[in-house]
Structure formats: C-alpha cells, structure tokens
C-alpha cells in the first residue's frame with residue numbers, strides 16, 4: 001500500500017488518543033525534507049483537533065536545531081568546521097526539554113529556535129502552552145542519541161533520494177549566504193559525513209517516508 005500524507009496525519013493524531021502529551025520525531029539527513037513535513041503536518045492537523053482539544057493550540061512544532069551550539073562555543077571547542085555534527089549540539093539540553101514537555105507540569109514552556117540567516121540558536125523563541133498535546137520535533141540525530149530516542153513516541157525517517165537532497169542542500173547554503181564553491185564543498189564534505197552517520201540510524205525508525213511522498217509535500221529546505 002502506498003503511504004500518503006493523510007495516512008501520516010492520521011498516524012500522528014493517534015499518538016494523543018489518550019489525551020496525554022506525546023512527542024513525534026522526524027529524522028533524516030540534511031535537506032531530506034524534515035522541516036517541511038513537520039510544518040505541513042502541523043498546518044494540516046491544527047484546525048481539526050481530536051475531541052476535547054483546542055484547535056490550533058493542541059499541536060506544536062519544536063525543532064531540534066535550537067540546540068546547535070553557538071559559533072563562539074564551537075570556536076572555543078575547535079569544532080567550527082564540524083558545525084552540524086552530533087558533537088556540535090547540546091544533546092542533553094534537548095533531552096531535558098523533551099523530558100520537561102512530557103512531564104506536562106508547566107503552563108508554558110519556551111524552547112529555543114534557530115535563525116538560518118545568522119546561523120545561530122535563539123533562546124526562548126518557541127512557546128509551548130499547556131494545552132499542546134502533540135509535539136512534532138525534527139532533526140538529524142533523533143535516532144542516534146540514546147538520551148533522546150526513548151522520549152519519542154515514534155520517529156519517522158525522511159528518506160529523500162541523494163541527488164535531490166544534495167541539490168536542495170547546496171541551494172540552501174547559497175540562499176543563506178555561501179558562495180557556490182563553498183556551498184558545494186560544505187555540502188559534499190562536512191554535511192555528507194554527517195549524512196552517513198544519520199543514514200546508519202535509518203533502521204531504528206518506526207516508519208520510513210519515501211522520496212515520492214516527500215516530493216509531494218513540496219521542496220523542503222531542511
């Protein structure tokens with residue numbers, strides 16, 4: 001049976017059937033479509049909540065990218081040229097946020113965001129109100145980090161074909177300020193090494209989203 005976007009939406013909705021807060025993860029390599037899938041899911045589901053939940057408030061998108069280490073810290077650690085690798089994120093901080101979300105004790109929780117124009121994390125950028133039941137999070141390493149995986153109800157893997165993914169990745173680097181040669185070098189160097197690490201986690205996913213479905217929800221930037 002062909003996987004469809006409505007089937008994904010139904011599967012996501014079912015994660016909060018019991019009313020408890022749940023976190024859905026979307027993993028995959030850079031430019032595989034994680035962000036667009038997450039945004040499309042939230043947009044499709046927000047107006048039509050399960051019974052008893054509040055429209056437009058019951059679901060929130062909380063990306064992992066807000067836990068990038070700032071450039072100043074990467075430089076201190078000697079990791080500036082490895083930006084985007086697993087060790088250049090605050091993985092334990094991300095796990096702590098997920099645990100706080102699942103504890104469901106606070107009226108509002110603020111998560112960090114990530115601003116691509118300056119390539120830096122932004123503290124307190126994403127509000128998550130108490131009535132948010134489904135949290136959609138996405139990032140490269142959800143299936144890699146042992147501190148994170150047990151906190152996610154499900155993890156889906158965005159499996160975009162290599163040629164399309166690489167083309168989108170290079171275009172994204174150019175769009176946010178890199179010269180073409182530098183964009184190609186970064187995408188085929190640092191990014192590709194990270195992509196190999198991420199691809200090795202694919203088998204741990206609960207569901208693999210095929211290229212045909214990723215193409216059907218647009219031209220993802222992430």
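Taking into account only those residues within the range 112-122 that are farther than 16 Å from residue 38 by Cα and touching a residue at least 40 places away in the same chain (Cβ under 8 Å), which is farthest from the chain's Cα centre (by Cα)?
117
Could you tell me whether the range 21-33 includes any residue that is free of Cβ contacts under 8 Å to residues at least 12 places away in the same chain and over 17 Å from the mean Cα position of the chain (by Cα)?
no
Is it the case, given these coordinates, that residue 107 is over 18 Å from residue 198 (Cα atoms), out of contact with any strand residue (DSSP E or B) (no Cβ under 6 Å at 6 or more places or on another chain) and surrounded by fewer than 12 Cβ atoms within 10 Å (Cβ to Cβ)?
Values: over 18 Å from residue 198 (Cα atoms): yes; out of contact with any strand residue (DSSP E or B) (no Cβ under 6 Å at 6 or more places or on another chain): yes; surrounded by fewer than 12 Cβ atoms within 10 Å (Cβ to Cβ): yes.
So residue 107 passes the test.
Residues that are in contact with a helix residue (DSSP H, G or I) (Cβ under 7 Å, 6 or more places away or on another chain) and either at pLDDT below 95 or more than 28 Å from residue 211 (Cα to Cα) (or both): list the strands (runs of 3 or more DSSP E) wholly contained in the range 1-120 that include at least 2 such residues.
On the way: elements: 22-27, 59-61, 108-115.
In the range 1-120, 108-115 are the strands (runs of 3 or more DSSP E) which contain 2 or more residues that are in contact with a helix residue (DSSP H, G or I) (Cβ under 7 Å, 6 or more places away or on another chain) and either at pLDDT below 95 or more than 28 Å from residue 211 (Cα to Cα) (or both).
Would a scan of the range 145-154 turn up a residue that is loosely packed, with under 14 Cβ neighbours inside 10 Å, over 16 Å from the mean Cα position of the chain (by Cα), at pLDDT 95 or above and farther than 30 Å from residue 107 by Cβ?
Scanning the range 145-154, I find at least one residue that is loosely packed, with under 14 Cβ neighbours inside 10 Å, over 16 Å from the mean Cα position of the chain (by Cα), at pLDDT 95 or above and farther than 30 Å from residue 107 by Cβ, so the answer is yes.
Quick check on my filter: what residues within the range 197-221 are out of contact with any helix residue (DSSP H, G or I) (no Cβ under 8 Å at 6 or more places or on another chain) and either modelled with pLDDT under 95 or over 23 Å from residue 85 (Cβ atoms) (or both)?
Our first condition is that a residue be out of contact with any helix residue (DSSP H, G or I) (no Cβ under 8 Å at 6 or more places or on another chain); within the range 197-221, this holds for 198-203, 205-206, 210, 212.
Answer for the range 197-221, where residues must be out of contact with any helix residue (DSSP H, G or I) (no Cβ under 8 Å at 6 or more places or on another chain) and either modelled with pLDDT under 95 or over 23 Å from residue 85 (Cβ atoms) (or both): 206, 210, 212.
The values are calculated or read from the model by the stated rules, or taken from the named source; none is laboratory data. Quick caveat: nothing in here was measured; it's all calculated off a predicted structure. Backbone-built Cβ (ideal geometry, glycine too); neighbour counts: all protein chains shown.
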